[in-house]
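Below is one structure, written out as structure tokens; comments come after it.
The values are calculated or read from the model by the stated rules, or taken from the named source; none is laboratory data. None of these values were measured; they are calculated from a predicted model. Virtual Cβ from ideal backbone geometry, glycine too; neighbours counted across all protein chains shown. Side chains included, ligands, DNA and RNA excluded: accessible areas come from the protein's heavy atoms. Shrake-Rupley method; radii C 1.70, N 1.55, O 1.52, S 1.80 Å.
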Amino acid sequence: MSKDKVQIFDTTLRDGEQVPGCKLDAAQKLVIAERLDELGVDIIEAGFPISSPGDFKSVAEISDLVKNASVCGLTRAVKKDIEVAAEALKSAKKPRIHTGIGTSDSHIKYKFNSNRDAIIERAVSAVSYAKTFVEDVEFYAEDAGRTDNEFLAKVCEAVVKAGATVLNIPDTTGYCLPEEYGAKIKYLKENVKGIEKATLSCHCHNDLGLATANSIAGVINGARQIECTINGIGERAGNTSLEEVVMILRQHPSLNLDTNINSKLLYDTSQMVSQKMGMIVQPNKAIVGANAFAHSSGIHQDGVIKNRETYEIIDPADVGVNESSIVLTARSGRAALAYRAKIVGFELTKLQLDQVYQEFLKFADLHKEISDNDIPKIIEAANLKIESVS
Ligand code: KIV
Ligand code: ZN
């Protein structure tokens, strides 16, 4: 049975780039957009065109450049924003306008000093106006995570009637629990008249570390688009990480869902974005962190040397990482020492290994990590004369 496709909407260049310290220049944005297209993302959110002349220019340049993906520009539910976005997107092969408004009681009261009926009216006008420029209009109900489901369904129904092709249900503040977010998507699927005409989209923030879990709960309950960023960068604690959701769907065939992403480009793309933004990837980051395929405890190393699958659920080559690494530390065992010694050219007998291992432990207790260059020194300190064969 063929798998259902989940569209990947990448917002590295919009939600990701608005983070302090992550600013990119126009040339860097173009290189990243080209790579995202090659990676296989379905939609690239290129920026917020009315926000600055620089952002307008880069949305226009990305529209010109991108060959396969839809190119999307963000707007508020404001006529001028929509006109400017349409202008910036005019050379895109597949343009999308992303417009919307806050729908939670807190946004309605404090941001807009308004009421629910007036918000629905603004939402419908924004979508109808955007439709006069492009066919593909995505509507976001900002703070949908904290919007009550009945009102949210009313808003969604009204904008679908006005022609919205995608309904973005952002958990803007990263508040929802996965069960709650999944139930919200299910409720919309079951209670919005005309829902079959639109795609439900998950846009989850990571304030409680639940962005990925919430997005997956969303697609399990019927959403078919995930909004995410490379390395999970984004406002505050970030957005859903692209590499995580892609690999979760791939590693769990029972979900019967997949994406168009070429996963072999994930590691390289993560490094590219990290370098261009000057934002390091935490070493323990799932999928693309430096330690994601590194094994340092003796028990794990022994298992991985015997068979990689004992402690790895992903083949590193599938995400573009050359190989798993066996890192020598004071927690490593004989198997790991023999393995690395062999790589640098020393075949140790069982007896030699026992002797070298005692020296290794003394050395390792004084150092965080032992490099391949340290191995000959450790062998020498064990008073053994072993010729390297390399
Ligand atoms: O988090 C959010 O609600 C957003 C919207 C503008 C889509 O980024
Ligand atoms: Zn966001």
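Being without any contact (Cβ under 8 Å) to a residue 60 or more places away in the chain and open to solvent by less than 10 Å² (accessible area, probe 1.4 Å) is a property that holds for Asp143. Can you confirm whether the stretch 228-248 contains a residue that is more than 16 Å from ligand 2 (Cβ to nearest atom), part of a helix (DSSP H, G or I) and either acidic (Asp, Glu) or not assigned by TED's automatic domain parsing to the domain that holds Tyr181 (or both)? Checked against the condition, which is being more than 16 Å from ligand 2 (Cβ to nearest atom), part of a helix (DSSP H, G or I) and either acidic (Asp, Glu) or not assigned by TED's automatic domain parsing to the domain that holds Tyr181 (or both), the stretch 228-248 yields at least one hit. Annotation for the stretch 301-315: at least one member residue is open to solvent by less than 20 Å² (accessible area, probe 1.4 Å) and assigned to a loop (DSSP other than H, G, I, E, B). I'd like the residue in the stretch 8-47 that is charged (D, E, K, R) and more than 16 Å from ligand 2 (Cβ to nearest atom) and, out of all such residues, is surrounded by the fewest Cβ atoms within 10 Å (Cβ to Cβ). The qualifying residue surrounded by the fewest Cβ atoms within 10 Å (Cβ to Cβ) is Asp25. For the stretch 316-340, what are the residues that are out of contact with any Gly (no Cβ under 8 Å at 6 or more places or on another chain) and in a loop (DSSP other than H, G, I, E, B)? Those that are out of contact with any Gly (no Cβ under 8 Å at 6 or more places or on another chain) and in a loop (DSSP other than H, G, I, E, B): Gly320, Val321, Asn322, Glu323, Ser324, Val327, Thr329, Ala330. When the residues of the stretch 158-173 are filtered to those that are within 9 Å of ligand 1 (Cβ to nearest atom) and assigned to a strand (DSSP E or B), which remaining residue is nearest to Gly100 (Cα to Cα)? Taking the candidates together, the pick is Asn168.
Ile169 meets each of the listed conditions (1) in contact with a strand residue (DSSP E or B) (Cβ under 8 Å, 6 or more places away or on another chain); (2) within 14 Å of ligand 2 (Cβ to nearest atom); (3) on the phi < 0 side of the Ramachandran plot; (4) open to solvent by 10 Å² or more (accessible area, probe 1.4 Å) apart from (4). Filtering the stretch 315-370 to residues that are farther than 20 Å from Pro283 by Cβ, free of Cβ contacts under 8 Å to residues at least 12 places away in the same chain and not charged (D, E, K, R) leaves Thr349, Leu351, Leu366.
Looking across the stretch 254-267 at every residue that is part of a helix (DSSP H, G or I) and in contact (Cβ under 8 Å) with a residue 60 or more places away in the chain, the one that is surrounded by the most Cβ atoms within 10 Å (Cβ to Cβ) is identified as Leu266. Scanning the stretch 189-211 for residues that are open to solvent by less than 20 Å² (accessible area, probe 1.4 Å), within 16 Å of ligand 1 (Cβ to nearest atom) and outside any loop (DSSP other than H, G, I, E, B) yields a total of 7.
Among the residues that make up the stretch 60-76, is at least one of them under 14 Å from Phe139 (Cα atoms), open to solvent by 50 Å² or more (accessible area, probe 1.4 Å) and out of contact with any Ser or Thr (no Cβ under 6 Å at 6 or more places or on another chain)? Yes, because at least one residue in the stretch 60-76 is under 14 Å from Phe139 (Cα atoms), open to solvent by 50 Å² or more (accessible area, probe 1.4 Å) and out of contact with any Ser or Thr (no Cβ under 6 Å at 6 or more places or on another chain). Applying a threshold of 8 Å to beta carbon distances and a minimum spacing of six or more residues, or different chains, the list of pairs starting in the stretch 88-112 at a residue that is surrounded by 22 or more Cβ atoms within 10 Å (Cβ to Cβ) and ending at one that is among the small types (Gly, Ala, Ser) and in a loop (DSSP other than H, G, I, E, B) reads Thr99/Ala77; Gly100/Ala77; Ile101/Ala77.
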